[in-house]
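What follows is a single structure, written as structure tokens, with notes after it.
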């Protein structure tokens with residue numbers, strides 16, 4: 001009886017360990033603990049452990065995470081989008097120029113910006129599925145097209161590449177309440193962008209894990225040909241994912257434009273690479289078919305902690321990219337090791 005019980009116990013332990021190793025976010029969770037402990041020791045007395053310190057790195061993580069989570073879904077589906085940063089810049093300028101220069105209500109300007117962003121996302125997806133070209137190439141081209149058009153048209157309309165004055169337009173105060181207000185926690189301000197990040201993450205997690213569309217995403221990223229043969233609308237899935245990433249870029253642009261009461265054509269530069277890095281750190285495979293929204297949240301949180309942690313520690317901000325590069329390489333090595341161990345347990 002004792003032998004039987006011990007065998008069942010071992011099987012349960014093995015089953016639990018296998019499920020744990022199969023979680024994409026396992027490596028990121030361990031990395032998050034290491035990063036937090038490191039900065040708690042190095043910069044804890046300088047404010048990293050305070051509520052204000054927590055607010056600063058959550059703010060950074062939230063703005064990245066709002067875009068990185070949909071990017072991770074697209075990567076699970078087997079594609080990349082390098083144009084999201086340029087969409088942030090373009091959408092932000094639309095939200096600012098139309099009210100400030102032409103007297104539009106800010107909500108109408110937001111609607112136009114959203115339509116433009118979704119149109120760009122649709123164009124990206126359509127070109128990828130119809131031409132068969134790499135999404136890396138298609139969206140790299142889109143990045144420069146959109147950013148160049150944003151700079152050129154902004155100069156024509158305003159003579160500048162930056163524009164403020166959004167706080168004086170119709171509808172701004174309601175927009176600020178929804179997109180740029182603060183939540184007070186024990187006297188410390190936490191930006192509402194954190195709540196938007198939670199909403200985006202919850203929606204993405206539900207979509208990925210609880211819906212047929214989520215199964216399609218994994219199937220398309222794992223083997224698009226096999227998925228097509230069993231009736232999955234591969235083209236529709238990919239185009240929808242590109243539109244979701246563009247929509248998330250629009251949301252971030254609105255949050256930033258209202259927070260800063262203006263926009264800059266170069267806002268969002270480099271965001272596409274940071275988003276991909278957050279997804280990879282969170283366990284999403286570059287080859288598609290594997291990953292999670294929760295892992296990307298942890299990746300974005302690590303990004304935020306490092307970016308603000310080195311400031312609290314008094315380290316020159318130039319070293320941030322070194323930290324980021326090291327984290328990326330280590331995360332890929334750890335995630336590969338974990339997947340190999342999980343594969344060994346299945347044999």
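In the range 156-203, which residues are within 18 Å of residue 59 (Cβ to Cβ) and in a loop (DSSP other than H, G, I, E, B)?
180, 181, 186, 187, 192
How many of the residues making up the range 195-208 are in contact (Cβ under 8 Å) with a residue 12 or more places away in the chain and either more than 17 Å from residue 299 (Cα to Cα) or buried (at least 19 other Cβ atoms within 10 Å of the Cβ) (or both)?
Of the residues in the range 195-208, the ones in contact (Cβ under 8 Å) with a residue 12 or more places away in the chain are 195-197, 200-201, 204-205, 207-208.
Filter once more, so that each one left must be either more than 17 Å from residue 299 (Cα to Cα) or buried (at least 19 other Cβ atoms within 10 Å of the Cβ) (or both): 195-197, 200-201, 204, 207-208.
The qualifying residues number 8.
Identify, please: which residue in the range 281-314 is surrounded by fewer than 24 Cβ atoms within 10 Å (Cβ to Cβ) and more than 20 Å from residue 37 (Cβ to Cβ) and is, among those, nearest to the chain's Cα centre (by Cα)?
294
I need a count of the residues in the range 147-167 that are touching a residue at least 12 places away in the same chain (Cβ under 8 Å) and surrounded by fewer than 12 Cβ atoms within 10 Å (Cβ to Cβ).
0
Please indicate, with yes or no, whether at least one residue in the range 247-267 is surrounded by fewer than 16 Cβ atoms within 10 Å (Cβ to Cβ), modelled with pLDDT of 95 or more and in a helix (DSSP H, G or I).
So in the range 247-267, the residues surrounded by fewer than 16 Cβ atoms within 10 Å (Cβ to Cβ) come out as none.
No - not one qualifying residue is present in the range 247-267.
Might you let me know whether the range 330-339 holds any residue that is crowded, with 24+ Cβ neighbours inside 10 Å and under 15 Å from the mean Cα position of the chain (by Cα)?
no
Any residue at all in the range 296-303 that is part of a helix (DSSP H, G or I), touching a helix residue (DSSP H, G or I) at 6+ places or on another chain (Cβ under 8 Å) and without any contact (Cβ under 8 Å) to a residue 60 or more places away in the chain?
Scanning the range 296-303 turns up no residue that is part of a helix (DSSP H, G or I), touching a helix residue (DSSP H, G or I) at 6+ places or on another chain (Cβ under 8 Å) and without any contact (Cβ under 8 Å) to a residue 60 or more places away in the chain.
The values are calculated or read from the model by the stated rules, or taken from the named source; none is laboratory data. Here the structure is a predicted model, which means the values were calculated and not measured. Every residue, glycine among them, receives a Cβ derived from its backbone with ideal geometry; neighbour counts consider all protein chains shown.
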